[in-house]
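Enquirer: Supplied in C-alpha cells, the structure appears directly below.
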Protein chains: 2
Amino acid sequence: MSNSQRDLTLYNAHFVDGLVKAGVESAVISPGSRSTPMALLLAEHPDIDVYVQIDERSAAFFAIGLAKASGKPAALLCTSGTAAANYLPAVAEAKNARIPLIVITSDRPHELREVGAPQSIDQNRLYGAHAKWFSEMALPDADDSMLQYVRKTAAKAVYITKQSPAGPVHLNFPFREPLLPDYDGVFERLEMERFSSIHLSEGTRVLPQSEIEAFAAIVKEKEKGLIVCGEHQSEGFGEAVIKLAEKLGYPILADPLSGLRSGGIHSDLVVDSYDAFLRNQNIKQAAAFDVVLRFGAMPVSKALSQFIRNHSSNVHCVVDGGGGWRDPIGVATHMFAADESTFCCALSSFLNERRETSSWLKNWLQVNETAKMKMKSVDDYEELDEGKLFYEVLKRLPDRSALFVGNSMPIRDLDSFFFTNNRHIRLFANRGANGIDGLVSSALGAAAVTSPMYLVVGDLSFFHDLNGLLAAKQNGIKMTVVVINNNGGGIFSYLPQAAEPKHFERLFGTPADLDFVHAAKLYGAGYQKVIDLASLDQGMAEAEKTDGLFILEVVTDRAKNVAAHRELWEKVSQEMNKLTAGDDFWN
Amino acid sequence: MSNSQRDLTLYNAHFVDGLVKAGVESAVISPGSRSTPMALLLAEHPDIDVYVQIDERSAAFFAIGLAKASGKPAALLCTSGTAAANYLPAVAEAKNARIPLIVITSDRPHELREVGAPQSIDQNRLYGAHAKWFSEMALPDADDSMLQYVRKTAAKAVYITKQSPAGPVHLNFPFREPLLPDYDGVFERLEMERFSSIHLSEGTRVLPQSEIEAFAAIVKEKEKGLIVCGEHQSEGFGEAVIKLAEKLGYPILADPLSGLRSGGIHSDLVVDSYDAFLRNQNIKQAAAFDVVLRFGAMPVSKALSQFIRNHSSNVHCVVDGGGGWRDPIGVATHMFAADESTFCCALSSFLNERRETSSWLKNWLQVNETAKMKMKSVDDYEELDEGKLFYEVLKRLPDRSALFVGNSMPIRDLDSFFFTNNRHIRLFANRGANGIDGLVSSALGAAAVTSPMYLVVGDLSFFHDLNGLLAAKQNGIKMTVVVINNNGGGIFSYLPQAAEPKHFERLFGTPADLDFVHAAKLYGAGYQKVIDLASLDQGMAEAEKTDGLFILEVVTDRAKNVAAHRELWEKVSQEMNKLTAGDDFWN
C-alpha cells in the first residue's frame, strides 16, 4: 500500500509546482483534514498566493473574483464530503460565465468509499455537466513516472480550463492517512528544474476570408444596422468594433459590461441609454432595423431584447470567440464561432471608408442624447431613491477603480445610469447564471487583485453571501460595499404578482428585517448608514481611508423605488413622443 | 404553445395536492420568479405548512431537519439557476443519511435553455448520483391525462423518496411566462376528489427463517460477543435488540444516536462509556471478542472502530434494513439486508432463554461503570472546558426535549457525556456526510416540529450556517443554541499537524475572531455569554422563557480543551489499569 510520507510530499509538491509553472498564481483554501497534504504544499509554494475562507461556497465565488480580475485561473481546495458539494453554485456560474477555475477536492482513498465512512460522498463527477473536465487522480506516488504524470495533469488542467470558452475543471485526489507531508522547505530541497515544464498556448478562432467577404457583401447593402455589444473576453475588441461601426455607420448599443462605456475607450457612436428610450412605442416602431451584429453575451436590458425580437430582421449575426449558442431570443440568422476582435478587423477590411453619416445613425444618436439628458435629471432629485443613489455612487467612483454589481436591480441600475465617460472603471458582475449568491465573495476575490473595489448589492444578495465578508478580515482585503436595503426582493415588485397581496410579502417580498450594522460589527467592518447625499459623501470618504472592509447601508422603499423608476422612464418616453411627433423623424 | 393560466394553475394545483395526499405536510420555499406558480400553490394549499428561507443552501438543510423530526418527506422549492445548485450539500447529506426529500426546481422551458438566457444552468440530473430519482417534468398542461400524470408523479416521488434506504428525489419543472396562476381559492374550487389518490405502502426486508436459524447456530456457540448499535430507522428496535442481548448475554455498545441511551428505553446491558475505556491498552487486549452483531450506522467513536478492527473476529455481522454496505473498517463477514427489529426478534426466537450472566458480560459492565464514574468526575471540575460544558448542558436538558449536535467535537462530546438516563431526549445529528455545513438550519427545521430544541455547535459550524438563523425569525421558531467558540477548528488540535506551527493557524486553526453577540443582534435573538455555571444557568433559564431564538456563547480554548480531554481519558485509563491489574480479570 503506497502513500508513505515521501509519496505524499513529492506527489503533491509536483502537482502544485506544475500548477504554478502553468500560470496559476492564487489558490483559495477551506480548512479540512483530508486536504492537509495539498493545503500545506500550496501554502508552502513561494509563488502562489493563498487565501483562506472557511465557507466553501464563498471560497469558490472568491476564486471566481480572483480569476475575473487577474485573467488567470484560480485554484480551489477543500476537504472531502459536503465541503466539495458547496462549490457547485460557483462551478455552475464559472461554467456559464467562462471563468477558469481549477477545483481540487480531496477524497478518501478507494477502500474507504461507499462503505459508510464519515465525510464521504460520491465525488466522482460531482459537478456533472458543470465541469469542463473531470479527472479521478491516482493515489500519491513518488515514482518518477507518477511525478511526471501529476505535473502533466496540473498543466493539462490549466490548458483545459483556459481554453475558450474557459470554464471550471475538477480534479479529485484520494489521500490515505497519515496525511502530514514533509512540506517544510520542500520547494528549496527539490530540484524542480529537472522536470521540464510544458509550453501552453491557444489560438483564437479565425474565419476564412471568403466567409467574411460574403458577409461583408450582405451588410454593405444595409444602412439600417445595429451593433450590439455585451460582456466579452476578446482582447482589443473596443477599438476593433468602433472602427467597424464607423465604416458601417451603425450605432453601437453597448451594455455596461462590454467595456465600451468607459476605460479610455471612447466613440461618439456608443449608445448607452437604449434601455430607457426603447420603452417608447413610437421609437420601437420607428427604429426598425435590417441588420444586427451582436458580440459577446446578450445585454442585460430587457427593453433591448424585446425590441430586437419584435422586429423581423433579415440578418442577425452572433459572433462569439467561445463558439457559444448565444441566442436567448431565437432570432439569429448567422452564427460565427470566431474571435470578436479579429472578426471586426477582418470585416472592416472588406468595407469602404466611412459613409456619410446617415439619418439613421443621426437619429439614434439624437434619441440617445435626449434620453440620457432626461435620465441625468436625477441629478436634481432631492430624495435618494435607488436609481438616484446608484447615479450618485457612480459619480463618486474614483478614476481607476473597480465596481462589482449585484444581479436583479443593481445591474439594471448600472445599465441605466452608467453613461459613457472618460474614467477607467472596471465593471464586474456575475452574469453567467445571474444568481443572487456569491456576490460578496466574488467582489472580494476581485478586490484582492484590483483596488479600490466597490460592490453595490441589494439586501437579499448581501444576506445570501454574508459569510463572504469573513474573507476580508482573514486575508486583509480592502473593499467598500454599498448595500441597498429595501428589505426584501425588490425585483418582484416589477412582476405581475406584485398586484396580488395574498402570499406576496411572505413568498416574494420576504422582508428579512436585517440591520447590517450588526453584520459590520461581526466582521469588524466600518459602517455608515446613508440617508442623504451628505452621509453618502461622508461614508465614501471614510471608506477610502479604511484599510479593510467598509459598509454603506442605504435603506430604501421597494414601492417608492418602482414608482421612481417608472416616473423617470415615463419622462424619457414623453421626450421621445415629442421627438417623434413630426412625420419626418426617422423614416 | 401551451401554458395558459389555466394550464399553469391546474397542473401545479394537482401536483401539490398529489404531494399532500401522499403524505407531504411541509415545504420550504426560497423566493424566486421562475418558481412563482408552484410557490403560490404550495402556499395556498390548506394542508401543507410552508416555511420560507432566502438562502437555498440553508433551506435544504432546514428541510432535512423537518423530515428528520417528523419522519415524513419534506418538499423544497426554488427558482432556476444557481439557486438549485445551492441544494447540493443538503441533497448529498440526505442521500447518505437516508432522509426523504422532494426537491422541486423550477426551470426555463426548453426553448430558453442553453441559449445564453439569464438564470439558466443545465439542471438536468443536477445532483447526479446524489438524487435517488430524477424526472424532467412536462410543461404545465390542464388536459385530464396530464393532470393524472402530474398527480401520479407526485405520489411516485413520495413513494420513491421514502423507500428504504430513503433519500432525495429531484423533479425539474419547466415553466413558461406568464408565471402567475389563478391560485386564490383554487383548492376549494376544484373537485379534487374526482381524482383518486393512490395507496402507498412498503414492506420491510425479512430474511428467510432458514437463514436466521443457520446464523443462530453460529452465535449460540460464541460467548464473547458484542452488539453494536448506531443510528437506525427501524421501529421497535430498542426493545427487540435488548431482548436479543439478554438471550445472548452480550453487552450492547450503544452510540448516542442509536436511541438506546435515553427515551424510556432502558437496559442494564447498555454500555455507554466504551469510547473512554477502549483507549486503554490492557482493556483493548483483554476484551478480545469472537462475534460482533452490528445494527445501524457505524458509531462515531474512533476508539471503538479501532478496537473492532484490531481484533480478527470470526464473525462480524452487519444488519441494515436499507441494504447498505456499512463496513467502513472492512471486517464484515455477514451482510444482512434485513430490517433490524425483525431480525432481532427472529434471531431471538431461535435462542434459548437468558444464559447465566457470564463473566464476559459482567466484566464489560463493570469496566463501563468504572469508566463512567470517572467521566462523571467532571461534575467536580471548576473550570468550564468543552467536555465539562457539554456535560453540564446535558444535565440541564428538560425531559422530552430534543438536542441537535454539530459534527467534529460536539458529537464526540455527546458520545462521551450522554450517559444512559430515564429522560426522553431525542438526539439529532447530520451523520450522513458529517459536514460542518447546514447545522443551524437542520436544527431549526427539526425545531419547527419538536420543541424544545437545543443545538450545540462549534464556532466554525455556527459560522458556516449563520444564514440559517434567519429562518427562526421568518418562521417564528423557538430554539436555544449553545455555541462553543474556540475560535477555529478545534478538531485539528487532535491531529498530527497541530505539532507543526508553520501554516497551522492559517490553514487549520483558522481563527475567525467572531463575537456572536452581533449575530444575535442581526437576527433578533436573545444572547448570553457563558463564563461559568451561574451564567449557564441564567442563560438556559432565559432561553426557556424566550419565544424565538436564544444564543448562549461559551468561549473556550482549543489547546486547553485538548489537554482537558486527554487528562480525563488518562484518568479513565488509570482506572482501567487498576481493574486489569489482577491476572484473573477478563480471561
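Enquirer: Average partner chain C-beta neighbours within 10 Å, per residue of B:459-467?
Expert: 4
Enquirer: Additional query: For label points placed 7 Å from Cα toward Cβ, what is the shortest-first list of nm distances from B:K560 to its copies?
Expert: 5.0
Enquirer: Report the calculated FRET efficiency for A:A541 and A:D399 (r = Cβ-Cβ distance, R0 = 22 Å), to the nearest 0.05. If you can, show how the numbers build up before the last one.
Expert: Numbers: r = 16 Å, r/R0 = 0.74.
Calculated transfer efficiency: 0.85.
Enquirer: What FRET efficiency would be calculated for the residue pair B:D532, A:I531, taking the C-beta separation as r and a Förster radius of 35 Å, to the nearest 0.05?
Expert: 0.25
Enquirer: Between the label point of B:H266 and that of the same position in each other copy, find the distances and list them shortest first in nm, with every label point placed 7 Å from Cα along the Cα-to-C-beta direction.
Expert: Label point to label point, same position, other copies: 8.7 nm.
Enquirer: Moving to a separate point now. Given the options A:G489, A:I531, A:A129, identify the residue whose Cα lies farthest towards the positive end of the charge dipole of chain A (+1 on Cβ of Lys, Arg; -1 on Cβ of Asp, Glu).
Expert: Farthest towards the positive pole: A:A129.
Enquirer: Pairs of Cα atoms under 8 Å, at least six residues apart: use those to get the relative contact order of segment B:209-373, whole percent.
Expert: Value for segment B:209-373: 31 percent.
Enquirer: Next question. Using all Cα-Cα distances in chain A, what percent lands in each 10 angstrom bin from 0 up to the longest?
Expert: Spelled out per bin, shortest first, that is 3, 16, 24, 24, 18, 10, 4, 1, 0.
Enquirer: Shifting gears a bit: Quickly rank A:559-566, A:67-74, A:461-468 as a protection proxy: mean count of other C-beta atoms within 10 Å, highest first.
Expert: Top to bottom by mean Cβ count within 10 Å: A:461-468, A:67-74, A:559-566.
Enquirer: Counting only other chains, and only Cβ atoms inside 10 Å, what mean value do you get across the residues of B:127-134?
Expert: Per residue, the number of nearby Cβ atoms from other chains is 3 on average.
Enquirer: Semi-axes of the equivalent ellipsoid for segment A:112-213, please: Cα gyration tensor eigenvalues, times 5, square-rooted, ordered largest first, whole Å.
Expert: 34, 23, 10
Enquirer: Which peptide among A:322-335, A:237-250 comes first, and what is the full order, when sorted by highest mean count of other Cβ atoms within 10 Å?
Expert: A:237-250, A:322-335
Enquirer: On to the next question. Enumerate by residue number the trypsin sites (Lys or Arg not before Pro) in segment A:330-368 meeting two conditions: DSSP loop (anything except H, G, I, E, B), and at most 12 other Cβ atoms within 10 Å of the site's Cβ.
Expert: Listed in order of number, the matching sites are A:R354.
Enquirer: Oh, and also: Report the charge-dipole magnitude of segment A:176-228 in Debye, nearest 20, computed about the Cα centre from +1 at each Lys and Arg Cβ and -1 at each Asp and Glu Cβ. All intermediate terms of the calculation are to be shown ahead of the outcome.
Expert: Working: 7 positive and 11 negative charges, 86 e Å.
Dipole size: approximately 420 debye.
Enquirer: Please report, ordered by residue number, every helix of chain A (full DSSP H runs) that is 20 Å or longer along its axis going by C-alpha atoms and whose mean Kyte-Doolittle hydropathy reaches 0.0. It would help to have the intermediate numbers written out before the result.
Expert: Working: long enough: A:5-21 (24 Å, -0.21); A:56-70 (21 Å, 0.60); A:144-162 (27 Å, -0.21); A:359-375 (23 Å, -0.68); A:558-579 (32 Å, -1.06).
Membrane-span-like by this rule: A:56-70.
Enquirer: Three principal axis extents, largest first, for the C-alpha atoms of segment B:431-581, in Å?
Expert: Its Cα atoms span 56, 40, 33 Å along the three principal axes.
Enquirer: Given a cut-off of 25 Å, what percent of all Cα-Cα pairs of segment B:209-373 lie beyond it?
Expert: Across segment B:209-373, Cα pairs with separations above 25 Å total 22 percent.
Enquirer: Continuing with this model, one more query. Using a 1.4 angstrom probe and counting only protein chains, how large is the accessible area of A:H266 in Å², to 10?
Expert: Its accessible surface works out to 110 Å², give or take rounding.
Enquirer: Ranking request for peptides A:400-406, B:480-486, B:413-419: highest mean number of other beta-carbon atoms within 10 Å first, then the rest in descending order.
Expert: B:480-486, A:400-406, B:413-419
Enquirer: A further question follows. About the Cα centre, and with charges only on the beta carbon of Lys, Arg (+1) and Asp, Glu (-1), how big is the dipole of chain B? Nearest 20 debye, please.
Expert: The dipole magnitude comes to about 820 debye.
Enquirer: Charges on Cβ only, +1 for Lys and Arg, -1 for Asp and Glu, centred on the Cα centroid of the protein assembly as shown; of B:L179, A:L10, A:L444, which one is farthest towards the dipole's positive end?
Expert: The residue sitting most towards the positive pole is A:L10.
Enquirer: Heavy-atom accessible area per residue, segment B:209-373, 1.4 Å probe: how many Å²? Intermediate results must be reported in sequence, preceding the final value.
Expert: On the way: 6080 Å² over 165 residues.
Ligands and nucleic acids excluded, the result is 37 Å² per residue.
Enquirer: If you take each beta carbon of peptide A:501-511 and count the beta carbons of other chains within 10 angstrom, what is the mean?
Expert: 5
Enquirer: Give me the percent relative contact order of chain B, please, defined on Cα pairs under 8 angstrom at least 6 residues apart.
Expert: In percent, rounded to a whole number, it is 14.
Enquirer: Using only alpha-carbon positions, what ratio does the radius of gyration of segment B:311-415 give when scaled by 2.2 N^0.38 Å?
Expert: So segment B:311-415 has a normalised radius of gyration of 1.48.
Enquirer: Oh, and also: Apply 1/(1 + (r/R0)^6) to the Cβ-Cβ distance of A:M373 and B:N124, taking R0 = 35 Å, and write down the FRET efficiency to the nearest 0.05.
Expert: Once rounded, the FRET efficiency stands at 0.15.
Enquirer: Under a crude label model (7 Å from the Cα following the beta-carbon direction), how far is B:H266 from A:S135 in nanometres?
Expert: 6.2 nm
Enquirer: Next question, about the same structure. Taking a label point 7 Å from Cα toward Cβ, how far is B:E213 from its twins in the other copies, in nm, shortest first?
Expert: 9.2
Enquirer: Using just the helices of chain B, give the 222 nm mean residue ellipticity in deg cm²/dmol: DSSP H runs with n ≥ 4 each add -39,500 (n - 2.57), and the total is spread over all residues, rounded to 500.
Expert: -11500 deg cm²/dmol
Enquirer: Now a separate question. Let's see if you can work this out: charge +1 on each Lys and Arg Cβ, -1 on each Asp and Glu Cβ, no other charges. What is the dipole magnitude of the protein assembly as shown about its Cα centre, in debye to the nearest 20?
Expert: 1080 debye
Enquirer: Apply the Debye scattering formula to segment A:5-194, with a single equal point scatterer on each alpha-carbon and no solvent, then give log10 I(q)/I(0) at q = 0.14, 0.18 Å⁻¹.
Expert: Log-scaled intensity ratios, in q order: -0.69, -1.18.
Enquirer: Please give the direction-averaged projected area of the C-alpha convex hull for the protein assembly as shown, in square nanometres with one decimal.
Expert: If you wrap the Cα atoms of the protein assembly as shown in a convex hull and average its projections, you get 47.4 nm².
The values are calculated or read from the model by the stated rules, or taken from the named source; none is laboratory data. Source: prediction; values computed, not measured. A quick note on method: Cβ atoms are made from the backbone with ideal geometry, for glycine too, and the neighbour counts reach across all protein chains shown. Protein only, heavy atoms only, side chains kept; ligands, DNA and RNA dropped before computing areas. Shrake-Rupley method; radii C 1.70, N 1.55, O 1.52, S 1.80 Å.
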